[in-house]
Amino acid sequence: MRESLLAPTKWESLPTILSPAINARGMGVPIGWCRERIPGTGRLAFALVLFSAFLRFCVSAFAVYHPAMALPLSYHWKNLFVRKTTTLLTVLVVAAVVGVFAWMMGFATALRSSLSQAQDDRKIIVLRRGSTSESNSAIPVDDYTKLNQLTDVARDAGSNDPLISPEMVVQISRPRLRDGGKTWSNLALRGVTPTAFKVHTNVKPTGNLFSTGAQEVIVGLAAARQFSGLQIGDTLELGYGNNRGYRVVGFFTADGGPAESEVWGYLPSLMNAYNRTMYSSAALRLKNGADAQAVLTQIEGPAIQLSAHTEGEYWQEQTKNMQVYLFIVRVLVIVMSLAAAFSIANTMFSLVAGRTREIAMLRTIGFSRGKILSGFVLESMFLSVLGGVVGCLGCIAWLRLAGNTKDMFGASTFTTLAFEIHLTPTNLICALGSVLVIGILGAWVPALRASRIAVISALREP
């Protein structure tokens, strides 16, 4: 038994998560088989390889710690199916907790990944005083020209002009693709000049750029993937009365950042279409080594009298509502985790109550209290991991069937930040590891009770 448990792991195959309980050899499921029959499970396969190795180590540790008279692992595995209904319900509760937990971690990872691309400390966002976002800001041209007095602004290598981008932001509404256009969401339409691409260095056109002499726009890839009418050749009805047709001529990327959820066009053309005479904001790029805080103080001082934020600070403020959403989800996961722990404890108490004489017989033939305790904890671990795997597979299936695209409104922009949720191996390992801890905690009291059963009185029970 110990030789089988300590057999080396074959990394080119995927051992089933419960292989230590049945047979550590020959129970592998090739990763290629998973990918062919269950698309999108490559990450899960890799995560399960690592987690299976960890679980095998834990089980081996039990065997090493109790080298003599250890109960066979198959004994614990088979006992889970004596009360099939109770076991099934417990597995489903655990699966629900793990599925929600895995989705929450995927969501948080995707959101952090998107916002991490908007943390350029050399980029300053300038708004009108008192404004909370670009959508409700209006900077007169005279105030905008005051920014030219800033000495720490980087300059264009060719023209020696300061890298200051005047921008106009309005909202446009587009139907979502994931529900067939039943619901709509607001996107940011940004009017820019060619200087903007030198200020927003992470924005890179992947095809044609809008013409300065035609009504054309380019679309962020995240927006194009999640909303209809944003493909090349489509025409958007823009302008104050939605009476100006702008043709989509290309896409752009922003490394997955917030700008990738926007539509960009030529600033003078869009200002004319929306009857605007003032800019919404200005973005400027600082020189290498410039003190950002000193520049912010200068912009907000008496000479310029505008409001300024670093890019990271601006987007942190705009995503406050998303942080509240994540907090609520975390609270729900904690509540569900407690429910899962009580469900596992209830199942284990039921198993202990139905096996009182059996446990007494094991004690009679020489198994110690430590063996009984560790045995019931192992049963709970098997139960938890089984539910964890079902939960992870359920989460992956949900993302594939319901879609992994997600968009959320900014706190005060009322425009959408679009991103895609992907479960990483780290997410899956954390989810499975968490449920394993829940299983151990839920089983500890029932296992302790089982190890302390009075042998003589238990043998007399009918």
Study note, to complete from the structure: Listed with the fewest Cβ neighbours within 10 Å leading, 422, 200 appear as 422, 200
Exercise for review: With only alpha-carbon atoms counted, please give the Rg and Dmax of the stretch 147-255, in Å.
Suggested key: 15.8, 51
Exercise for review: Provide, in order from the shortest bin, the percent of all Cα-Cα pairs of the stretch 326-462 in each 5 Å bin, continuing until the bin that contains the maximum pair distance.
Suggested key: 2, 9, 14, 16, 14, 11, 9, 7, 6, 5, 3, 2, 2, 1, 0
Check your understanding: In square nanometres, what is the average projected area of the Cα convex hull of the stretch 88-215?
Key -> 13.5 nm²
Revision key, fill the gap. Sorted on mean Cβ neighbours within 10 Å (highest first), peptides 293-304, 347-358 come out as 347-358, 293-304
Study note, to complete from the structure: Here the net charge surrounding residue 369, from other residues whose Cβ is less than 9 Å away from its Cβ (Lys, Arg +1; Asp, Glu -1), is +3
Study note, to complete from the structure: For residue 185, other-chain or 5+-apart residues with amide H closer than 5 Å (H placed, Pro excluded) are 174, 176
Check your understanding: Can you sort 361, 381 by how many other beta carbons sit within 10 Å, fewest first?
Key -> 361, 381
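Calculate how large, on average over all directions, the projected area of the Cα convex hull of the stretch 120-311 is; give the answer in nm² to one decimal. Mind dumping the intermediate values first?
Values: hull surface 44.4 nm².
Value for the stretch 120-311: 11.1 nm².
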Point to revise | Stretchable slack from residue 255 to residue 149, in nm (0.36 nm times residue separation minus alpha-carbon distance) | key: 35.0 nm
Study note, to complete from the structure: Quick shape summary for the stretch 238-302, equivalent ellipsoid via Cα gyration tensor, semi-axes whole Å in descending order, reads 31, 19, 9
Review point. What residues of the stretch 181-218 lie in the reach of a label at residue 247, counting those whose backbone N is under 17 Å from a point 7 Å from the Cα along Cα→Cβ?
Key: 207-218
Practice item. Taking H placed 1.01 Å from N in the peptide plane, check which residues at least 5 places from residue 155 or on another chain put their amide H under 5 Å from its amide H. Key: 163
**Study point:** Likely footprinting exposure, 143, 255, fewest C-beta neighbours within 10 Å first
**Key:** 255, 143
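Each value in this text was obtained by applying a stated rule to the coordinates, not by laboratory testing. All of these numbers come straight from a predicted model, not from anything done at the bench. Neighbour counts run over all protein chains shown; Cβ positions are idealised from the backbone, glycine included.
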